Each structure stands twice: as structure tokens, then as C-alpha cells.
1. Please list 3J(HN,Hα) in residue order for the range 67-80, calculated via the Karplus relation 6.51 cos²θ - 1.76 cosθ + 1.60 where θ = phi - 60°; whole Hz, with x for glycine and proline.
2. Under a straight-distance cross-link criterion of Cα-Cα below 15 Å, which aspartates and glutamates are reachable from K76, leaving out those fewer than 8 residues away in the same chain?
3. Using the Kirkwood radius built from alpha carbon pairs, what does the Stokes-Einstein equation give as D for the chain at 25 °C and 0.890 mPa s, in µm² per second?
4. In the range 1-99, what GluC sites (Glu not before Pro) fall in a loop by DSSP, with at most 14 other Cβ atoms inside 10 Å?
5. What does the net charge come to around L18 if you take all other residues with beta carbon closer than 15 Å to its beta carbon, with K and R at +1 and D and E at -1?
6. Sum up the charges of everything whose Cβ sits under 14 Å from the Cβ of L86, counting Lys and Arg as +1 and Asp and Glu as -1, but leave L86 out.
7. What's the extension gain from S71 to S25 if we count 0.36 nm per residue and subtract their Cα-Cα distance?
8. Can you list the HN-Hα couplings for the range 32-45, worked out from phi with the Karplus curve (6.51, -1.76, 1.60; θ = phi - 60°), rounded to whole Hz and with x for Gly and Pro?
Amino acid sequence: QVQLVESGGGLVQAGASLRLSCAASGRTFSGYNMGWFRQTPGKEREFVAAISWSGGNTYYADSVKGRFTISRDNAKDTVYLQMNGLKPEDTAVYYCAATPSSGEVHNRRLYPYWGQGTQVTVSS
């Protein structure tokens, strides 16, 4: 089992930055590929970014590419999502997720472990 706790969400104006953190506990953090997903009411949870267990490979949704950066610190069992140039359409609950799979990182169904989510609201 892996337990995940997100933090860092909040209310910001368009153009601002936020950094989300996801602290992991339980099994060896470095053995998992990590992802960030987001969800708005009435919509499916969508892929935002993912990072391989070593941090050597990162993946992004087209909608956030160039604005968001995913990183991890295996010594601190933490994964981060740096969000710059935030837009109102980035408003969502952001979830951290862990998977032992190295397959389709954008596929939420491959992630067995999820955090509780943190709200990000971007005002125009």
C-alpha cells in the first residue's frame, strides 16, 4: 500500500504560480511511477503529468506543456507539480497517483493509489 497526501492548492489569479506537493508513505516510493490528474465537476478525471520512478522521464498533457513541471525527490518521498502561467481553465481538484506500471502513464485506470486531492482555483 502507498498513502498519498497532496498539499499546496489554493485560490490565485490568472498568470500566477502554484506548487503542489504529494507526500508518499508506505512502500518504497522510488519503486513507483507518479502522476498528477485533475477533475472538475461533471467531467472525467484527466491526465496532467507523470514522471518515471527515477525522474528521468516526464510526460505532459498538451494543455499544460510548457507551463507545468513535474519533479520528484525520492529522498523525501515527494512528487511536485510546479504550475506557472495559470489559467482559469486550470481550475480543478488535483490528484496525485502512484503506479507500479510503466505503461500508459496517461491512463488513470493504471494507477491503484490516489491521494484525496487538493483544490486549485484560478480567477480571471
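1. 10, 9, 9, 9, 8, 8, 10, 5, 6, 9, 6, 9, 10, 10
2. K76 reaches E6.
3. Values: Rh = 14.2 Å.
Calculated translational D: 173 µm²/s.
4. On the way: sites: E6, E44, E46, E89; in loops: E44.
Filter output for the range 1-99: E44.
5. Numbers: positive: R19, R38, R67, K87; negative: E6, E89, D90.
Value of the local net charge: +1.
6. Working: positive: R19, R38, R67, K87; negative: E89, D90.
Computed value for this residue: +2.
7. Values: separation 46, 0.36 × 46 = 16.56 nm, distance 1.72 nm.
14.8 nm is the gain from fully extending S71 to S25.
8. 10, 7, 10, x, 10, 10, 9, 8, 10, x, x, 10, 6, 5
The values are calculated or read from the model by the stated rules, or taken from the named source; none is laboratory data. Nothing here was measured: the structure is a model prediction, and the numbers come from that model. Positions of Cβ are generated from backbone atoms using ideal geometry, with glycine treated the same way; all protein chains shown enter the neighbour counts. In case anyone asks, the SASA skips ligands and DNA or RNA and just uses the protein heavy atoms, side chains included. Shrake-Rupley method; radii C 1.70, N 1.55, O 1.52, S 1.80 Å.
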